[in-house]
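In what follows, a structure is listed as structure tokens, so that the remarks can point back to it.
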Amino acid sequence: MNLKPGVGKTTSAVWLAHALHESGMTPLLVDGDPAASALRWSELAGGFPFPVIALPVGDVHRRVNDFLGDRQAVVLDAPQLEDHPRITRSIMRYAGEWIVPVTPAPIELDRMAPIRGEMADVQSLRAEPARSAVLLNRTNRPDATRTGPDADAREALTEQGFEVLHTQIARLDLYAQSFGNPVQAKGSAYMDFAEELIKRQDEA
């Protein structure tokens with residue numbers, strides 16, 4: 001989830017769901033965006049190897065379990081919070097882990113303060129607190145560095161009180177141009193992303 005569009009929410013959700021599938025799990029991908037980009041992607045790609053459902057409604061948290069079955073993971077693609085707050089907040093009420101994709105740019109980092117406020121508001125509605133973390137996306141390097149814009153963004157986010165995932169997603173055409181195409185996550189940073197999330201779940 002994020003306040004704004006265009007930060008890689010759908011790309012992250014679709015690639016993560018594929019990575020979970022390739023890791024041996026059985027995911028469900030929930031498209032909560034009224035634009036239905038994830039659902040359209042699956043259609044153009046000839047279908048994904050896991051179910052994709054559209055739930056662009058303000059009570060997602062009440063409906064998801066009706067479609068869950070024996071699925072081991074649910075990936076929810078939230079719309080931008082500024083335009084669809086009811087849907088995004090409902091998704092946040094359901095999801096046990098909130099992932100915020102952020103590019104290492106000053107304008108993106110400046111938007112994080114209101115996101116933290118939204119997180120606090122939704123946490124108060126939950127029986128148990130959700131975990132949350134930032135995924136650095138469209139970074140200058142594939143791996144974390146000690147210097148440069150990526151490292152500066154990581155430090156700035158940490159100072160704001162956000163947990164930043166170790167995994168980061170480099171700015172690559174492989175991801176940027178993947179919409180509508182079949183996805184193979186093996187060997188990509190999204191496999192590392194999935195493994196890090198699974199480890200966080202196990203530790204929790």
Cβ pairs under 8 Å, 6+ apart or interchain, first in region 87-99 and in contact (Cβ under 8 Å) with a residue 24 or more places away in the chain, second among the hydroxyl-bearing types (Ser, Thr, Tyr) and assigned to a helix (DSSP H, G or I), ordered by first then second residue, are Ile99/Ser12
By residue number, the members of region 147-161 that are more than 15 Å from Glu108 (Cα to Cα) and basic (Lys, Arg) are none
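Taking region 56-68 as the search range and keeping residues that are open to solvent by less than 70 Å² (accessible area, probe 1.4 Å) and under 22 Å from Ala19 (Cα atoms), which one is modelled with the lowest pLDDT?
Here is the first cut: in region 56-68, the ones open to solvent by less than 70 Å² (accessible area, probe 1.4 Å) are 56-61, 64, 68.
Cutting the leftovers down to under 22 Å from Ala19 (Cα atoms) gives us 64, 68.
Numbers: Val64: 97, Leu68: 94.
Looking at the filtered set, the residue picked out is Leu68.
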Within region 161-181, restricting to residues that are in a loop (DSSP other than H, G, I, E, B) and under 22 Å from Ser37 (Cβ atoms), the one that is most open to solvent (accessible area, probe 1.4 Å) is Arg171
Within 21 Å of His21 (Cα to Cα), of a type outside the set (Val, Ile, Thr), part of a loop (DSSP other than H, G, I, E, B) and free of Cβ contacts under 8 Å to residues at least 24 places away in the same chain: does that describe Gly187? yes
- Answer yes or no: is there a residue in region 6-13 that is modelled with pLDDT under 95, loosely packed, with under 15 Cβ neighbours inside 10 Å and not acidic (Asp, Glu). yes
Within region 129-149, residues being in a loop (DSSP other than H, G, I, E, B) and closer than 17 Å to Glu163 by Cβ number 3
Across (1) open to solvent by 40 Å² or more (accessible area, probe 1.4 Å); (2) farther than 26 Å from Arg93 by Cα; (3) acidic (Asp, Glu), Asp150 clears everything bar (1)
Quick check: anything in region 18-31 surrounded by fewer than 16 Cβ atoms within 10 Å (Cβ to Cβ), in contact with a His (Cβ under 9 Å, 6 or more places away or on another chain) and outside any helix (DSSP H, G or I)?
no
State whether one or more residues within region 36-46 are open to solvent by less than 20 Å² (accessible area, probe 1.4 Å), within 14 Å of the chain's Cα centre (by Cα), under 17 Å from Gln177 (Cα atoms) and among the hydroxyl-bearing types (Ser, Thr, Tyr). no
The correct count of residues that are surrounded by 18 or more Cβ atoms within 10 Å (Cβ to Cβ) and within 20 Å of Ala19 (Cα to Cα) in region 72-101 is 11
Contact list, first residue from region 2-27 and touching a residue at least 40 places away in the same chain (Cβ under 8 Å) and aromatic (Phe, Trp, Tyr), second anywhere and crowded, with 20+ Cβ neighbours inside 10 Å and not in a helix (DSSP H, G or I), beta-carbon distance below 9 Å, six or more apart or interchain, is Trp15/Ile169; Trp15/Val183; Trp15/Ala185; Trp15/Ser188
The lone condition Thr158 fails out of (1) within 29 Å of Ser23 (Cβ to Cβ); (2) surrounded by 15 or more Cβ atoms within 10 Å (Cβ to Cβ); (3) in contact with a strand residue (DSSP E or B) (Cβ under 8 Å, 6 or more places away or on another chain) is (2)
(Q) Looking at region 79-97, can you tell me whether even one residue there is among the acidic types (Asp, Glu) and over 24 Å from Phe193 (Cβ atoms)? (A) yes
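The values are calculated or read from the model by the stated rules, or taken from the named source; none is laboratory data. Please read these numbers as outputs of a predicted model, since none were measured by experiment. For neighbour counting, all protein chains shown are included, and Cβ atoms are generated from backbone atoms with ideal geometry for every residue, glycine included. Ligands, DNA and RNA are excluded from the accessible area calculation, which covers all protein heavy atoms including side chains. Shrake-Rupley method; radii C 1.70, N 1.55, O 1.52, S 1.80 Å.
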